[in-house]
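The values are calculated or read from the model by the stated rules, or taken from the named source; none is laboratory data. Bear in mind that the values here come from a model prediction, so they are computed numbers and not experimental data. Glycine gets a Cβ as well: all are built from the backbone with ideal geometry, and neighbour counts include every protein chain shown.
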Amino acid sequence: MRLLTKVMGFVAGAALLFSANARAQALDTIGSVIGSNGTNWSATAGRTVGVNNSVFQAEAGWPGIGLTYLKGYDDQTDYGFHVGLNYGFEGTTNSATGLILAVPLRRNILPGERLNVAVHVDPGVSIYSNNGSALVGVGGPIGVVAGYNVDPRLTVDAGVEIPILVSFANPTGLLFGPLFGGGAEYLIDRDLSISAKVRVGPEFALATTSGSQVAFQTLVGVAYNLR
């Protein structure tokens, strides 16, 4: 009887130990997939892609399509390269085919567990087909975005950016204006995310014929973290 009691006690203890180990392993697995270590990166919101991480992103919508490569310099800084093909002139409703080459730079200025704020600049060259000739300019957007982590997978954000284009020919002038809006980014798994972005605002042109009109962006994207 005593032997049976000891055997039952041993079996119960082993079962409890096995259950605890299994639970710990399950939590570790979940943490590696959807925990902060697995999801502490962003291609569009307030966080950066993370030190030494490499992210490819594709976006499509208005005013065009684009491919972006981002590299994490450190925990708070990204740099990369962007190639875009626009069919709307700088977000306006004016149809124009343009090639955009830019070097995006992002910096997280307010890191946090849930709230993150980043600034970005995207200097580059723009070449648009305009009335049978080429409009060539330099510039790019300057902006700030604040992202809030609703949960480890979902981030919502609000931002403002000022696209700037200084054109040297056909015509010579300056285009600028603030765009306001929001967006969201959702991590399908630890390496793959989808995003949506909306921006709208006035755009001012200072050229031979000056004026203003409404510009907007509506983009959906997918990003993959090569790590």
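Residue under question is Glu203, and the condition is that it be in a strand (DSSP E or B), of a type in the set (Asp, Glu) and within 16 Å of Gln57 (Cβ to Cβ); does it hold?
Criteria not met by Glu203.
Look through the range 112-132, keep the residues that are more than 25 Å from Gly177 (Cα to Cα) and modelled with pLDDT under 95, and return whichever of them is surrounded by the fewest Cβ atoms within 10 Å (Cβ to Cβ).
Gly132
Name the one entry in Val156, Val160 that is in the same structural domain as Arg107 (by TED's automatic domain parsing) and more than 26 Å from Gly88 (Cα to Cα).
Unique residue meeting the criteria: Val156.
How about the range 105-200: which strands (runs of 3 or more DSSP E) wholly inside it have at least 2 residues that are closer than 19 Å to Val214 by Cα?
142-149, 154-162, 164-169, 172-176, 179-189
Look at Val166 and say whether it is within 23 Å of Val121 (Cα to Cα) and modelled with pLDDT of 95 or more.
Yes.
For residues that are more than 17 Å from Ala196 (Cβ to Cβ), modelled with pLDDT under 95 and touching a Ser or Thr at 6+ places or on another chain (Cβ under 6 Å), tally how many sit in the range 18-73.
Residues flagged as more than 17 Å from Ala196 (Cβ to Cβ), modelled with pLDDT under 95 and touching a Ser or Thr at 6+ places or on another chain (Cβ under 6 Å) within the range 18-73 amount to 1.
Okay, residues lined up against (1) more than 17 Å from Thr68 (Cα to Cα); (2) modelled with pLDDT of 95 or more; (3) in the same structural domain as Val144 (by TED's automatic domain parsing):
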residue: Ala184; (1), (2), (3): yes, yes, yes
residue: Lys197; (1), (2), (3): no, yes, yes
residue: Pro202; (1), (2), (3): yes, yes, yes
residue: Ala205; (1), (2), (3): yes, no, yes
residue: Leu219; (1), (2), (3): no, yes, yes
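Take the residues in the range 82-104 that are outside any loop (DSSP other than H, G, I, E, B) and β-branched (Val, Ile, Thr); name whichever of them is nearest to Leu70 (Cα to Cα).
The extreme case among them is Val83.
Pairs only if they're at least six apart or on different chains, beta carbon under 7 angstrom, first in the range 46-60 and on the phi > 0 side of the Ramachandran plot and in contact (Cβ under 8 Å) with a residue 12 or more places away in the chain, second of a type outside the set (A, V, I, L, M) and in a loop (DSSP other than H, G, I, E, B); list them, first residue then second.
Close Cβ pairs (under 7 Å, with a partner that is of a type outside the set (A, V, I, L, M) and in a loop (DSSP other than H, G, I, E, B)) amount to Gly50/Asn40; Gly50/Trp41; Gly50/Asp75.
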